[in-house]
Amino acid sequence: MARYRVGLIGGDGIGPEVIGETVKVIKAAGVELDTVEYDLGADRYLRTGDVLPDDTLLEIRALDAVLLGAVGPPIGSTQVPSGILERGLLLKLRFELDLYVNMRPFVTPKGWNRFNIEPMDMVVIRENTEGPYVGEGGLLRKGTKQEVATQGSLNTRFGVERVVRYAFELASSRPRRHLSLVHKTNVLTYAGDLWQRTFNDVAAEFPDIETAYSHVDAACIHMVENPTRYDVIVTDNLFGDILTDLCGAVSGGIGLAASANLNPDRTGPSLFEPVHGAAHDIVGTGKANPMAAIRSGALMLEFLGEREAASRINRALEEYEIPRVAKTSAIGDAIAERV
Ligand code: IPM
Ligand code: MN
């Protein structure tokens with residue numbers, strides 16, 4: 001069996017705890033990992049001023065995959081300026097490794113009915129290297145009454161087309177064969193026009209896929225009232241960020257939502273991480289649910305071609321009844337046991 005060199009970036013808050021459980025479960029599934037741990041995140045930054053040194057990035061490029069826990073200082077922290085870690089570490093990895101697809105599946109666990117909706121089984125494909133995330137803009141006359149801030153959104157035909165095509169291909173592989181574009185074409189008329197035309201052009205190559213369109217605000221209503229209208233959604237980077245937190249909450253809780261930052265062309269490693277953040281308030285309490293990270297680990301195995309091990313982990317996650325009170329490591333042990 002192949003061995004994989006996998007980088008572990010536990011990162012901040014509960015990140016290291018949930019990544020520890022993920023590695024435990026992957027090993028229980030019989031997949032050989034050579035793990036390389038990276039000390040990156042708020043602590044490293046405060047200690048050394050480093051966010052992602054060039055030689056570390058170079059090393060990461062040569063790995064087979066990366067598992068990442070969470071990135072971000074405690075809310076209100078004045079020691080780490082907002083965005084330093086997010087932009088300098090996570091977004092830098094997304095851009096530098098060309099992880100242009102952010103795939104976020106949402107599957108409601110059995111027996112879950114917190115919001116009294118039908119069980120969901122959908123995927124959001126979030127564009128991951130463009131939009132407002134490129135960080136185009138600046139401040140002028142900072143700190144004065146005449147201060148100006150601009151923040152652009154970059155949308156290229158190339159960037160939109162490749163992620164839209166990925167979404168069509170994914171929709172083709174699913175039984176419902178349905179793909180929705182989510183945007184705000186009525187207000188963002190330039191970017192929206194590019195997205196809609198690109199979507200229509202690619203749709204012509206997939207005549208057996210049923211397509212639909214929702215404005216992002218309406219999509220938020222549907223996501224609460226009738227989420228099962230969606231099968232696959234493709235959307236812009238920022239809309240995808242916001243919408244997937246909502247999808248996570250309604251489909252079973254953000255503690256279960258997994259994501260895959262993919263470079264489908266495989267010119268470098270892809271990166272797998274839970275959708276949730278660092279949750280500094282519960283660090284060390286054992287309250288962190290590692291299931292989102294473990295699911296992300298299963299997404300990694302699938303992408304690496306270890307389908308059998310991935311589906312064993314997914315089945316174990318499905319069968320595992322989410323306990324009201326269970327410690328992080330007890331959940332990891334129980335899932336590893338089932339695998
Ligand atoms: C996510 C996160 C990141 C994002 C942050 C941490 C930069 O919220 O992966 O959804 O905004 O993309
Ligand atoms: Mn987010």
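All conditions in (1) more than 30 Å from residue 162 (Cα to Cα); (2) in the same structural domain as residue 287 (by TED's automatic domain parsing) hold for residue 84, with the sole exception of (1).
Taking region 102-154 as the range and being of a type in the set (D, E, K, R), within 29 Å of residue 84 (Cα to Cα) and in the same structural domain as residue 216 (by TED's automatic domain parsing) as the test, the residues that pass are 126, 127, 130, 136, 141, 142, 145, 147.
In region 92-122, which residue that is among the acidic types (Asp, Glu) and outside any loop (DSSP other than H, G, I, E, B) is nearest to ligand 2 (Cβ to nearest atom)? Walk me through how you get there before you give the answer.
Taking region 92-122 as the starting set, the residues that turn out to be among the acidic types (Asp, Glu) are 96, 98, 118, 121.
Still in the list and also outside any loop (DSSP other than H, G, I, E, B): 96, 121.
Working: 96: 19, 121: 21 Å.
Here the answer is 96.
Of the residues 52, 67, 85, the single one that is in a strand (DSSP E or B) and either in contact with an Asp or Glu (Cβ under 9 Å, 6 or more places away or on another chain) or at pLDDT below 95 (or both) is 67. Considering only region 207-229, I want to know if a residue exists there that is within 14 Å of residue 125 (Cβ to Cβ), within 15 Å of ligand 2 (Cβ to nearest atom) and among the polar types (S, T, N, Q). No, region 207-229 contains no residue that is within 14 Å of residue 125 (Cβ to Cβ), within 15 Å of ligand 2 (Cβ to nearest atom) and among the polar types (S, T, N, Q). Here residue 296 meets the list (1) surrounded by fewer than 21 Cβ atoms within 10 Å (Cβ to Cβ); (2) in the same structural domain as residue 92 (by TED's automatic domain parsing) almost entirely, failing just condition (1).
Just need a number here: residues in region 177-195 that are closer than 25 Å to residue 247 by Cα and either surrounded by 15 or more Cβ atoms within 10 Å (Cβ to Cβ) or among the small types (Gly, Ala, Ser) (or both). If you could, list the steps in order and put the result at the bottom.
Taking region 177-195 and keeping what is closer than 25 Å to residue 247 by Cα, we get 177-188, 191-192, 195.
Those still in the list that are either surrounded by 15 or more Cβ atoms within 10 Å (Cβ to Cβ) or among the small types (Gly, Ala, Ser) (or both) too: 177-185, 188, 191-192, 195.
Adding up the residues that qualify gives 13.
Counting only residues that are crowded, with 23+ Cβ neighbours inside 10 Å and more than 10 Å from ligand 2 (Cβ to nearest atom), region 238-248 holds 2 of them.
Checked against (1) at negative phi; (2) within 16 Å of ligand 2 (Cβ to nearest atom), residue 336 passes all but a single condition, namely (2). Pairs please, first residue from region 196-208 and within 16 Å of residue 158 (Cβ to Cβ), second anywhere and assigned to a helix (DSSP H, G or I) and of a type outside the set (Lys, Arg), Cβ atoms under 7 Å, 6+ apart in sequence or on different chains. Note: pairs meeting the criteria are 198/160; 198/161; 198/164; 199/164; 202/161; 202/164; 202/168. On the stretch given as region 241-265, residues that are away from ligand 1 (no atom under 13 Å from the Cβ) and assigned to a loop (DSSP other than H, G, I, E, B) total 5. The C-beta contact set for region 253-271 (first residue open to solvent by 10 Å² or more (accessible area, probe 1.4 Å), second residue assigned to a loop (DSSP other than H, G, I, E, B), distance under 7 angstrom, 6+ apart or interchain) comprises 254/275; 254/276; 255/276; 255/289; 256/109; 267/98; 268/97; 268/98. Hey, does region 211-226 have a residue that's free of Cβ contacts under 8 Å to residues at least 24 places away in the same chain and either in contact with a helix residue (DSSP H, G or I) (Cβ under 8 Å, 6 or more places away or on another chain) or crowded, with 17+ Cβ neighbours inside 10 Å (or both)? For region 211-226, residues free of Cβ contacts under 8 Å to residues at least 24 places away in the same chain and either in contact with a helix residue (DSSP H, G or I) (Cβ under 8 Å, 6 or more places away or on another chain) or crowded, with 17+ Cβ neighbours inside 10 Å (or both): present. Looking only at region 161-176, decide whether some residue is modelled with pLDDT of 95 or more, over 19 Å from residue 264 (Cα atoms) and surrounded by fewer than 20 Cβ atoms within 10 Å (Cβ to Cβ). Checking region 161-176: at least one residue is modelled with pLDDT of 95 or more, over 19 Å from residue 264 (Cα atoms) and surrounded by fewer than 20 Cβ atoms within 10 Å (Cβ to Cβ).
Name the residue, out of 224, 187, that is away from ligand 1 (no atom under 16 Å from the Cβ) and either under 17 Å from the mean Cα position of the chain (by Cα) or not in a helix (DSSP H, G or I) (or both).
Details: 224 fails: either under 17 Å from the mean Cα position of the chain (by Cα) or not in a helix (DSSP H, G or I) (or both).
Within the list 224, 187, the selection yields 187.
Scanning region 276-293 for residues that are within 14 Å of ligand 2 (Cβ to nearest atom) and either free of Cβ contacts under 8 Å to residues at least 24 places away in the same chain or surrounded by 23 or more Cβ atoms within 10 Å (Cβ to Cβ) (or both) gives 276, 278, 292. Restricting attention to region 266-275, the residues that are assigned to a loop (DSSP other than H, G, I, E, B) and within 16 Å of ligand 2 (Cβ to nearest atom) total 1.
Total residues in region 109-160 satisfying the condition of being open to solvent by less than 20 Å² (accessible area, probe 1.4 Å), within 28 Å of residue 191 (Cα to Cα) and touching a Ser or Thr at 6+ places or on another chain (Cβ under 9 Å): the figure is 9.
The values are calculated or read from the model by the stated rules, or taken from the named source; none is laboratory data. Nothing here was measured: the structure is a model prediction, and the numbers come from that model. When we count neighbours, we look across all protein chains shown, and the Cβ atoms used for this are built from the backbone with ideal geometry, even at glycine. Just the protein is used for accessible areas: all its heavy atoms, side chains included, with ligands, DNA and RNA removed. Shrake-Rupley method; radii C 1.70, N 1.55, O 1.52, S 1.80 Å.
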